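Peer 1: Please read through the structure below; I'll follow up with questions.
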Amino acid sequence: MKAAVNVLWILLSLLGAFALAHVTGAINPTEKVNGLWLVVAAGCIYVLAYRFYGRWLARQVVELNNQHVTPAVRLNDGVNFHPTNKVVLFGHHFAAIAGAGPLLGPVLAAQFGFLPGFLWLVIGAVLAGAVQDFIILVASMRRNGRSLPEIAHDELGSVTGTATAVAVLFIVVVALAGLGFAVVNALFHNAWGTFTIAMTIPIGFMMGFYLQKFRPGAVMEVSILGVVLLIAAVLFGRVVAQSSYGGLFEFDKPALVWLLAGYGFLASVLPGWMLLVPRGYLSTFMKLGVVFLLGFGVILMAPTIEMPRVTAFAGGGGPIIPGTLFPFLFITIACGAVSGFHSLVSSGTTPKMIEQESQAVVGYAAMLLESFVGVMALIAASVLIPGDYLAINTTLGADVLTAMGFAPVRIAELSQMVEVDVAGRPGGAVSLAVGMASIFAALPGMAGLMAYWYQFALVFEALFILTTIDTGTRVARYLIQEMAGRVYAPFRRMNWWPGVLLSSSLVVGAWAYLIGTGNISTIWPMFGAANQLLGTLALCIGTTVLIKMWKSSYLWVTVVPMFFVGTITLTGSYEMFWMFLKKAGTLAAEQSFPLYLDAVLVAAVAILGILVLSDSMRQWYGYLVLKKPFTSSEVVVTAGGGSAGRVQTAIRLDEEKGFKLPHGTGCC
């Protein structure tokens, strides 16, 4: 049996290598690539990585042990801490980390060609993103579910802890601006799409009240009702758009920014069960269903990739992202390969739901699935003719694009097919929706329904984005209240209305201002750099955790990706800083202010990164070279006596290695 399994792994490896050879051009380099090869290559690599690298990390590096009693069991309160079925746990964790980043980043990065983005999505996820998510999840699980800033403060001190908290706040605000920008560009003068998205708000309210007040526990009923109403909203949206009421749902960009800000404020201050949770629950159905439907479409139709492997924009000067392939490809893709955002989830709700330590591998597996989402988005964008792709994602005219060597071919036909003028709608969302609709419409029996598929794809993307906006705004509000509470104690009370309203207004005002004054060429690279910074910080904190677990021989698993991602962040921040200053110098004073502000924010990202890395390396030198003693906030509790009700604290005290218990009542 073992020999047969080994043969299966060998065959899977050979299939993955053969598919990857087609993708990279090692086989048939002059022919266009079939999208199916990208799916096969990525799928094989993910399965092999999970089976071998993920398993090795779990067994050898962090040594998951089901004899350890997790916080979900030990601190079970039925609210924040509660053991969860492993399948439900995986679904929750994936839904929490899978925002709009893996959808939009790879689409925008297709400007450089499909090959660099594909390689970074797959390799980056396996060696960096999934490692970060997994290590931070284990670290939080063994520290009573503490958050990333709290772990940083406990393990690295107040300097790094404070820097991490500030970085998290900054990153959340910039990320919300980047994602909100994509929604605004997708919905302006699009009555069909605006109506459908608007209807998800009353649908969310209805689901929340139905489950909370009218029929508690009727999850199946409310699920069916929500999905049916969502589909009805998509179908009825066309009727509304073509009626005399269509003008009520046609807005220009400034109006949409105000409406989006109003929604974000509302979702931040209302009770979670009323809008936040039902909207997130509804989006989970859309996320998983559409991703697997898209994968099925690619496998069945095997579409041809029209985008070159590498374009002329690899050297810089691209109309979407102006920088060079390095570092801007990595910054642009952001969440699909490594995402600092994930560390907030891995140290948030998920570690409080793990019943057995072995279930923590969901941290590694869910990141691989998100990377697969990114690959599917890249395929959907790359099946478009390059000139059409650029015509959608830029505001440049056909003559300018033709002079660049990328003449639009079917842009007028595509606009007619989806019943919306798709030209000049940057942000990635529209081109992704057009690509997805093209694949769906090619399925048997779907011809002539491309307009519906287009709006359905937009709803799919918008649910991703709006879920991130309402959750992110609430997270940022919590951070502001926590930091303000150090100055004025009432802010620490999360239900203190003056604090709730003021902090929510500050967060919403900040990201709405960035949307209103920026563009995709400035906002998305800033988001990518900030997100990669947080990834660097998470890997840095993970390295410290490994040192304090006496795993210094395995530090390379976090140090290597940390330095690579850190180099990307600092290089990109340096280039963006001077790019913003140079562009601001050519504009009038009132137009240049937003760019000067962007330059200051980017500089703040770089300074925070350097501060945290330098302080951490100083401490690592003391622990590893000078053999200084250290304390650890790790909590290790093992089941004793064979009774589930008995637990005993098992803490190793090794004076020779310099391990000391924290002062006070101990770390448990």
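Peer 1: Could you give me the ³J(HN,Hα) list for the stretch 343-353, computed from phi with Karplus coefficients 6.51, -1.76, 1.60 and θ = phi - 60°, whole Hz, x at Gly and Pro?
Peer 2: 5, 6, 6, 5, 10, x, 7, 4, x, 8, 10
Peer 1: Also, I was wondering about something else. For the stretch 101-142 and the stretch 205-223, compute the distance between their C-alpha centroids and round to whole Å.
Peer 2: 35 Å
Peer 1: Treating the Cα atoms of the stretch 117-253 as identical point scatterers in vacuum, please give the log10 of the normalised Debye intensity I(q)/I(0) at q = 0.09, 0.10, 0.16, 0.17 Å⁻¹, two decimals.
Peer 2: Relative scattering, expressed as log10 I(q)/I(0), comes to -0.55, -0.67, -1.02, -1.02.
Peer 1: What are the residues whose amide H is under 5 Å from the amide H of Phe251, where those residues sit 5 or more places off or on another chain and H is modelled from the backbone?
Peer 2: For Phe251, the qualifying residues are His189, Asn190.
Peer 1: How large is ³J(HN,Hα), in whole Hz, for each residue of the stretch 135-148 in order, when computed from phi with the Karplus curve 6.51 cos²θ - 1.76 cosθ + 1.60 and θ = phi - 60°, using x for Gly and Pro?
Peer 2: Taking θ as phi minus 60°, the curve returns 5, 5, 4, 5, 4, 5, 4, 8, 10, 6, x, 5, 6, 4 Hz for the stretch 135-148.
Peer 1: Work out from phi, with θ = phi - 60° and the Karplus expression 6.51 cos²θ - 1.76 cosθ + 1.60, the ³J(HN,Hα) of each residue of the stretch 377-385, listed in order in whole Hz, and give x for Gly and Pro.
Peer 2: Karplus-based 3J(HN,Hα) across the stretch 377-385 equals 5, 4, 5, 4, 6, 7, 6, 6, 5 Hz.
Peer 1: If the convex hull of the alpha-carbon atoms of the stretch 432-503 is projected onto planes in all directions, what is the mean projected area in square nanometres?
Peer 2: Its Cα hull, projected and averaged over all orientations, spans 6.3 nm².
Peer 1: While we're looking at this one, here's another question. Per residue, how much accessible area does the stretch 358-402 show when a 1.4 Å probe rolls over the protein heavy atoms, in square angstrom?
Peer 2: 20 Å²
Peer 1: Then there is this: If a/c stays under 1.5 just call it rounded; otherwise compare a/b with b/c (prolate if a/b is bigger, oblate if not). Do that for the stretch 447-551, with a ≥ b ≥ c from the square roots of the Cα gyration tensor eigenvalues.
Peer 2: oblate
Peer 1: Pairs of alpha-carbon atoms within less than 8 angstrom and 6+ residues apart define the contacts here; what relative contact order does the chain have, in percent?
Peer 2: It comes to 24 percent, rounded to a whole number.
Peer 1: Let me ask something additional. Considering Cα pairs under 8 angstrom that are at least six residues apart, work out the relative contact order of the stretch 198-310 and quote it in whole percent.
Peer 2: For the stretch 198-310, the relative contact order is 39 percent.
Peer 1: Now, a different point. Please work out whether the chain counts as rounded, prolate or oblate from its C-alpha gyration tensor, where a ≥ b ≥ c are the square roots of the eigenvalues and a/c under 1.5 means rounded, while otherwise a/b larger than b/c means prolate and anything else oblate?
Peer 2: rounded
Peer 1: Tilt of helix 191-209 relative to the longest C-alpha principal axis of the chain, in degrees (0 to 90, nearest 10)?
Peer 2: 40 degrees
Peer 1: Normalised by the number of residues in the stretch 44-143, what is the relative contact order in percent for Cα pairs under 8 Å and 6+ residues apart?
Peer 2: Once divided by the residue count of the stretch 44-143, the mean separation gives 34 percent.
Peer 1: State whether the stretch 492-566 is rounded, prolate or oblate according to the following rule on the C-alpha gyration tensor (a ≥ b ≥ c being the square roots of its eigenvalues): a/c under 1.5 gives rounded; otherwise a/b larger than b/c gives prolate, and the remaining case gives oblate.
Peer 2: Note, shape of the stretch 492-566 comes out oblate.
Peer 1: Expressed as a whole number of Å, what is the distance separating the alpha-carbon centroids of the stretch 575-635 and the stretch 12-38?
Peer 2: 39 Å
Peer 1: Using only Cα atoms, tell me the angle between helix 520-548 and the longest principal axis of the chain; keep it within 0 to 90° and round to the nearest 10.
Peer 2: Orientation of helix 520-548: about 20 degrees from the principal axis.
Peer 1: Rounded to the nearest 5, what % of the DSSP beta bridges within the chain are antiparallel ones?
Peer 2: So the antiparallel bridges amount to about 60 percent of the total.
Peer 1: I'd like the projected area of the stretch 326-431, averaged over all directions, using the convex hull of its alpha carbons. Report it in nm² with one decimal.
Peer 2: Spelled out: convex hull of the Cα atoms, projected over all directions, averaged, 9.1 nm².
Peer 1: Where the eigenvalues come from the Cα gyration tensor of the stretch 534-573, what are the semi-axes √(5λ) of the equivalent ellipsoid, largest first, in whole Å?
Peer 2: The answer is 21, 9, 5 Å, longest axis first.
Peer 1: Which far-off residues, 5 or more places away or on another chain, put their amide H under 5 Å from the one on Thr84, with H placed in the peptide plane?
Peer 2: It is Glu355, by chain and number.
Peer 1: Amide H of Ser632 versus every other amide H placed in the peptide plane: which residues, excluding those fewer than 5 positions away on the same chain, fall under 5 Å?
Peer 2: Lys660
Peer 1: Send over a whole-number figure in Å² for the accessible area per residue of the stretch 68-122, probe 1.4 Å.
Peer 2: Per-residue accessible area for the stretch 68-122 comes out at 30 Å².
Peer 1: Strictly over 21 Å apart at the Cα level, which of Lys253/Lys583; Lys548/Lys628; Lys548/Lys627 would you flag in this model?
Peer 2: Check vs 21 Å cut-off fails for Lys253/Lys583.
Peer 1: Note the angle between two axes, namely the Cα long axis of helix 158-187 and the longest principal axis of the Cα atoms of the chain, as a number of degrees from 0 to 90, rounded to the nearest 10.
Peer 2: 20 degrees
Peer 1: Follow-up. Under a Cβ-only charge scheme (Lys and Arg +1, Asp and Glu -1), can you give me the dipole magnitude of the chain about the Cα centre, in debye to the nearest 20?
Peer 2: For the chain, the charge dipole is close to 1520 debye.
The values are calculated or read from the model by the stated rules, or taken from the named source; none is laboratory data. Bear in mind the structure is a predicted one, so any value in this text is a computation, not a measurement. Every residue, glycine among them, receives a Cβ derived from its backbone with ideal geometry; neighbour counts consider all protein chains shown. All accessible areas refer to the heavy atoms of the entire protein, side chains included, with ligands and DNA or RNA removed. Shrake-Rupley method; radii C 1.70, N 1.55, O 1.52, S 1.80 Å.
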